[in-house]
Amino acid sequence: MELKLERPLAFFDLETTGVNVSTDRIVEIAIIKVMPDGSEKSFVKRLNPGIPIPKESSLFHGIYDEDVKDSPKFAELGKEIADFIGDADLAGYNSNRFDVPMLMEAFLRNGIDFDLEGRRFIDVQNIFHQMEQRTLKAAYKFYCDQNLTDAHSAEADVKATYEVLKAQIKRYEDVEHEDKYGNISVPVKNDVEELHNFTNLQDPVDFAGRIVKDENGVEVFNFGKHRGKPVVEVFRSEPSYYAWMQNGDFPLYTKKVLNSLWVKFKNEEKERKEAERKKKSAQKTEGSSNLPPRSIQNKKIEKRKAAKPISDDMLKQLRGKFGKL
């Protein structure tokens with residue numbers, strides 16, 4: 001079946017030196033870019049991570065230091081990768097929690113402009129976990145009735161992910177789903193917007209999940225002592241928390257999002273204080289307007305201060321009181 005697309009949808013998968021978004025590096029990237037007319041473009045490259053690949057990671061994906069010692073580094077290929085993806089929406093398996101933040105970290109680390117604003121994100125794993133709860137290998141067998149050979153090869157995994165999504169759409173075309181709030185819907189449709197809404201479970205703001213949106217669409221922290229608290233509330237009560245995160249071991253994209261929220265907060269605070277100042281000034285002006293005009297006040301004061309002329313009667317009274325003057 002063909003996916004109904006308004007713009008390209010880029011399925012991608014990364015193999016890395018580990019799972020720490022901040023410190024680990026990409027060793028392989030595979031992308032299948034599906035066009036609205038159904039045609040496909042592919043991009044597969046191995047990368048020299050610039051750091052040793054841990055043995056446990058090599059045993060997982062089969063890529064060793066020797067395999068990538070002559071490969072280009074991300075700084076050399078990053079612009080080409082960004083250009084290949086272009087304005088496409090992004091899809092993958094566990095991509096919202098790992099591949100997207102890992103890729104964004106690499107772009108930001110190397111000063112490569114790649115904007116996530118306005119894109120839609122489909123995480124095939126989230127569909128799978130909500131509907132069946134299996135692994136990619138099991139998903140491929142379950143949905144496509146085929147065995148996944150060469151698992152954990154980026155190219156094999158990304159192809160399997162693409163096939164699984166198409167099979168999921170076909171299988172769940174009219175299947176109802178009840179979420180944790182008891183809401184019933186038919187969420188799995190051949191529509192990128194619907195799939196985006198269904199697979200972004202926590203509505204992450206930064207993809208690493210440090211900041212998410214609550215049921216009211218408010219940005220809240222999703223970790224640590226301020227877990228569940230609105231970001232703005234923490235900025236107001238403990239502004240040093242912002243500095244702590246900016247200097248801490250957090251993904252660069254998390255820091256970028258946090259900075260955007262901080263700048264927005266500071267601008268809104270400035271506007272709020274200015275509005276309060278204007279309100280107080282207006283109240284002061286209104287209070288002073290109830291007094292007589294200053295010219296009238298001055299005349300009354302001058303009238304009170306003006307000396308009365310001395311009359312003959314006044315002189316007689318003074319002579320009688322003090323004697324001869």
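Considering each residue of the stretch 88-116, count those that are β-branched (Val, Ile, Thr) and either under 21 Å from residue 41 (Cα atoms) or surrounded by fewer than 16 Cβ atoms within 10 Å (Cβ to Cβ) (or both), and give that number.
1
Could you tell me whether residue 128 is in the same structural domain as residue 195 (by TED's automatic domain parsing), of a type in the set (A, V, I, L, M, F, W, C) and buried (at least 20 other Cβ atoms within 10 Å of the Cβ)?
The answer is yes for residue 128.
Of all residues in the stretch 33-43, count the ones that are under 19 Å from residue 96 (Cα atoms) and either at pLDDT below 95 or among the charged types (D, E, K, R) (or both).
Of the residues in that region, 1 qualify.
Specify which of the listed residues (186, 164) is surrounded by fewer than 19 Cβ atoms within 10 Å (Cβ to Cβ) and among the β-branched types (Val, Ile, Thr). Explain how you work it out, then say what you get.
Details: 164 fails: surrounded by fewer than 19 Cβ atoms within 10 Å (Cβ to Cβ).
Just one listed residue meets the conditions, 186.
Within the stretch 219-241, track down each residue that is surrounded by fewer than 18 Cβ atoms within 10 Å (Cβ to Cβ) and under 14 Å from residue 208 (Cβ atoms).
Scanning the stretch 219-241 gives 223, 224.
Going through 90, 103, 59 one at a time, which residue ends up being at pLDDT 95 or above, assigned to a helix (DSSP H, G or I) and of a type outside the set (D, E, K, R)?
Result: 103 is the single residue among 90, 103, 59 that is at pLDDT 95 or above, assigned to a helix (DSSP H, G or I) and of a type outside the set (D, E, K, R).
Assess whether residue 80 counts as being over 27 Å from residue 249 (Cβ atoms) and in a helix (DSSP H, G or I). Please lay out each step first, then the result.
Values: over 27 Å from residue 249 (Cβ atoms): yes; in a helix (DSSP H, G or I): yes.
Yes: the conditions hold for residue 80.
Restricting to the stretch 18-50, name every residue that is buried (at least 16 other Cβ atoms within 10 Å of the Cβ), under 25 Å from the mean Cα position of the chain (by Cα) and β-branched (Val, Ile, Thr).
Selection gives 21, 26, 29, 31.
Out of curiosity, is residue 85 β-branched (Val, Ile, Thr), touching a residue at least 60 places away in the same chain (Cβ under 8 Å), surrounded by 15 or more Cβ atoms within 10 Å (Cβ to Cβ) and under 23 Å from residue 254 (Cβ atoms)?
yes
Conditions (1) under 20 Å from residue 152 (Cα atoms); (2) of a type in the set (A, V, I, L, M, F, W, C), marked per residue:
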site: 45; (1), (2): yes, no
site: 54; (1), (2): yes, no
site: 57; (1), (2): yes, no
site: 63; (1), (2): yes, yes
site: 80; (1), (2): no, no
site: 83; (1), (2): no, no
site: 88; (1), (2): no, yes
site: 104; (1), (2): no, yes
site: 109; (1), (2): no, no
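Among the listed residues 142, 74, identify the single one that is crowded, with 19+ Cβ neighbours inside 10 Å, assigned by TED's automatic domain parsing to the domain that holds residue 53 and out of contact with any Pro (no Cβ under 7 Å at 6 or more places or on another chain).
On inspection, the qualifying residue turns out to be 74.
Looking at the stretch 133-155, I want the residues that are part of a helix (DSSP H, G or I) and have a partner that is among the polar types (S, T, N, Q) and surrounded by 16 or more Cβ atoms within 10 Å (Cβ to Cβ) with Cβ atoms under 8 Å, at least 6 apart or on another chain. Which pairs are those?
Hits for this filter: 136/125; 136/161; 143/168.
In the stretch 106-124, is there at least one residue being assigned by TED's automatic domain parsing to the domain that holds residue 24, without any contact (Cβ under 8 Å) to a residue 24 or more places away in the chain, within 19 Å of residue 26 (Cα to Cα) and not in a loop (DSSP other than H, G, I, E, B)?
No, the stretch 106-124 has no match at all.
Could you give every pair whose Cβ atoms fall below 7 Å, whose first residue belongs to the stretch 249-268 and is within 14 Å of residue 239 (Cβ to Cβ), and whose second residue is among the hydroxyl-bearing types (Ser, Thr, Tyr), counting only separations of at least 6 or pairs across chains?
258/242; 262/242
What do you reckon, is residue 30 outside any helix (DSSP H, G or I) and modelled with pLDDT of 95 or more?
yes
If a residue counts only when it is within 30 Å of residue 131 (Cα to Cα), over 12 Å from the mean Cα position of the chain (by Cα) and in the same structural domain as residue 124 (by TED's automatic domain parsing), which helices (runs of 4 or more DSSP H) contained entirely in the stretch 182-284 have at least 3 such residues?
192-199
The values are calculated or read from the model by the stated rules, or taken from the named source; none is laboratory data. What you see is a predicted model, and the numbers here were worked out from it, not measured in a lab. Cβ sites come from the backbone with ideal geometry, for glycine too, and all protein chains shown count toward neighbours.
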